[in-house]
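In what follows, a single structure is set out as structure tokens and then discussed.
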Amino acid sequence: MLSKNNGFFLLELLLSLSAWFMVCLFFIPLLIDLKSQSQQLEVDKKANQLLYEELQANLIDNVILTSYSISHNGLEYKINWRDIPGKSHKEVCVKVEKNAFYAETEKCATPE
């Protein structure tokens, strides 16, 4: 050992920097994937909220069934009513189109 110890050697600095680099190589893709999953969950949550609000409005008010769009955080949620083949009632669907950041989402339910 050296008797004079005034700080880090260049080799120790390079070793610690390479260790940090390896840790970052492992965690950065995980954080990016976690962010995209949380954004997709946020879109799914809003789609479910709009779906159940539309069902509740139909049950309470018995309004005319029309199709329309709502924009929220730059995304367009399309709400439409469609006939169920072979049945007398309709179902409501909330759809979000696929773009560069989000997968296509479609939620459907029937009023009971």
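Coordinate-derived values only; no laboratory data. Not measured: the values here are computed from a predicted model. Methodologically, a virtual Cβ is constructed for each residue, glycine included, from the backbone with ideal geometry; neighbour enumeration extends over all protein chains shown.
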Over the chain, relative contact order from alpha-carbon pairs under 8 Å, at least 6 apart, %: 20 percent
Dimensions (Å) - the chain, Cα atoms, principal axes, largest first: 90, 25, 23
Per the chain, cysteines lacking a partner by the 4.7 Å Cβ criterion: CYS24
Under the Karplus curve 6.51 cos²θ - 1.76 cosθ + 1.60, θ = phi - 60°, whole-Hz ³J(HN,Hα) for segment 103-112, x wherever Gly or Pro sits: 7, 5, 10, 9, 10, 10, 7, 10, x, 10
Förster-model FRET efficiency, 41 Å R0, ILE70 and LEU13, C-beta, rounded to 0.05: 0.15
CD proxy at 222 nm, helix term only [per DSSP H run n ≥ 4: -39500 (n - 2.57); per residue of the chain; nearest 500]: -17500 deg cm²/dmol
